[in-house]
């Protein structure tokens, strides 16, 4: 394993397009800057600033669909100065920041969605269902 770069993945039970939209909202909130984004590929390049132990990181994030209502968020991180061993611990901290911020945004989005109760039934359909349950049909 290289200290200069690391990767991780996280599965989210949300559509990829929604996750990408919320990711773009979450990035500035964790103190990172978007350098480049591609909405079609759902890919974003991010810069994490310098700290006491690191010259910063270049982070690449991609959101891939994993079915209709699931996605995989892949995060690759590389230190801007590759020989900085003291900055290697920053990868996991930044992964956690991104994942938890995105998770929070997705939960917030989910709470704002209308409750899906399924298709509405007509009075006749309810009556027929009641008769069927009562054994009359």
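The values are calculated or read from the model by the stated rules, or taken from the named source; none is laboratory data. Owing to the predicted nature of the structure, the values given are computational and were not obtained by experimental measurement. Neighbour counts run over all protein chains shown; Cβ positions are idealised from the backbone, glycine included.
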Which of the numbered conditions does residue 41 fail, given that it passes all the others? Conditions: (1) at pLDDT below 95; (2) part of a loop (DSSP other than H, G, I, E, B). (1)
Condition first: over 17 Å from residue 30 (Cβ atoms) and modelled with pLDDT under 85. Now tell me which residues in segment 46-79 satisfy that. 52, 53, 55, 79
Cross-chain or 6+ apart pairs with Cβ under 9 Å, segment 15-38 first and without any contact (Cβ under 8 Å) to a residue 24 or more places away in the chain and on the phi < 0 side of the Ramachandran plot, then surrounded by fewer than 14 Cβ atoms within 10 Å (Cβ to Cβ) and part of a helix (DSSP H, G or I): 34/28
Would you be able to say whether some residue in segment 86-98 is in a strand (DSSP E or B), surrounded by 10 or more Cβ atoms within 10 Å (Cβ to Cβ) and at pLDDT 85 or above? no
Subset of segment 115-133, residues part of a loop (DSSP other than H, G, I, E, B) and either at pLDDT below 80 or closer than 21 Å to residue 16 by Cβ (or both), comes to 115, 116, 117, 118, 119, 120, 121
